[in-house]
1. Amide H of R51: which non-local residues (sequence gap of 5 or more, or other chain) have their own amide H closer than 5 Å, using H built in the peptide plane?
2. Skipping prolines and chain starts, which residues have an amide H placed within reach, meaning under 5 Å, of the one on G164, given they are 5 or more residues away or on another chain?
3. Calculate, in whole percent, how much of the Cα-Cα pair population of region 250-331 lies beyond 14 Å.
4. How much accessible surface does S280 have with a 1.4 Å probe, in Å² rounded to 10?
5. With θ set to phi - 60°, apply the Karplus curve 6.51 cos²θ - 1.76 cosθ + 1.60 along region 320-331 and write out the HN-Hα couplings as whole Hz, x wherever there is a Gly or Pro.
6. Starting from the amide H of L216, placed 1.01 Å from N in the peptide plane, find each other amide H under 5 Å away whose residue is 5 or more places distant or on another chain.
7. Identify all aspartates and glutamates with a Cα-Cα distance to K74 below 15 Å; exclude those on the same chain that are fewer than 8 residues away in sequence.
8. Remind me, what semi-axes does region 204-263 give for its equivalent ellipsoid, largest first in whole Å, using sqrt of 5 times each Cα gyration tensor eigenvalue?
Amino acid sequence: MNNIGVLSKPTTNSSEVGECAQQQQNWWTTELHGWAGGEGQSSKNVNHCNRMSYQEGFALADTTMIPKERHVTKDDITHANSTYNTDSNDNNNNRTPIQTDDHGLPILSSWEDYYRLRSLPPSSPIGLVATFPLTIYYAIQRYGIVPLTVSQMLDRPLRIHVVGIEKELNFVDLFKEVGYLIPESINIEMTWIVREDMFPENGNEKQLSLQLTSNLKLSIIGGTYGDSLNPTFDIDGGQPDMVIGMNAGLYAYESWRHVVQYLQHNESIVGVFTDYNEHSGMNCASLGGWKSTNSLSINPFRQMRAMPVLCMNLPQFSNGFIYTFNEQELE
């Protein structure tokens, strides 16, 4: 099995790996062995020389449990809607058809919607790691309609900065799902901000770029958002339309203060964050004022298993609760 990496052409032949051949098993490694602040073995093995296909990354013998690496089509939506049973004796008779919004984005409100759309059996475990790209997709679908509309009026891609990236470096190609779910006519420029000491070594380059799908460009840059990095001038593409932070815990690290201040000073930029539990989410959302506090809700694309909680008796999930700063609505 090949290494996971950040950049380079897809490689499946180990003879092409050369010096970059230290083994990284699959996309489950980080979830099973932890990230440990970048010091864990799974994080140290992250290598940008190789990338994985879905089949390699998910490493499931039953390929029916893995989504196809292609864009979602109208036929997929039609097929998904034809599979639910409205029989009154069916426990799932309250299901609703998957609709699309004005931009053509499938409106997904549950893992069940996503699994039906991607023709996956309920027994597929991929949601355990797919929570990360699906949370970003949900943030765009739920909170990004105004930014998306503005970007299309200006005839440019939707710009998204994802702050606090760590273990996501271990499954870069999984984020193709964001591009596959969004219509091909909508272009997105997504930039990941990582700690400088975790930035993949690539000569003297300070920013790496990768075309994940035909409509999704991913850039990775090292630095501290709003401090050593000026989000408007130091990142290709310029000022973002949205800032996203997953499992952020805005009170946990001093560096998040710069992100909060940036959003407070730029009210046209939508910020979307997730947290492990409701108590932490409520406190962190309060940094954005009462409107942000009131926006706190359960993320329908939280990880499918509860996390062990040693210090409090509260439900806790990866990407469990979601809230927004500077939420906007179309007039």
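The values are calculated or read from the model by the stated rules, or taken from the named source; none is laboratory data. None of the values given here were measured: they were computed from a predicted structure. As a convention, Cβ positions derive from the backbone with ideal geometry for all residues, glycine included, and neighbour counts pool all protein chains shown. Side chains included, ligands, DNA and RNA excluded: accessible areas come from the protein's heavy atoms. Shrake-Rupley method; radii C 1.70, N 1.55, O 1.52, S 1.80 Å.
1. Hits under the 5 Å cutoff: G5, T11.
2. Distant-sequence amide H within range of G164: I193.
3. Result: 62 percent of Cα pairs exceed 14 Å.
4. Approximately 30 Å² for this residue.
5. Working through the residues one at a time gives x, 10, 10, 8, 9, 9, 6, 4, 10, 10, 5, 8 Hz.
6. Amide H neighbours of L216: I188.
7. Within reach: D101, D102, D113, E184.
8. On the way: eigenvalues 97, 39, 27 Å².
In descending order, the three semi-axes are 22, 14, 12 Å.
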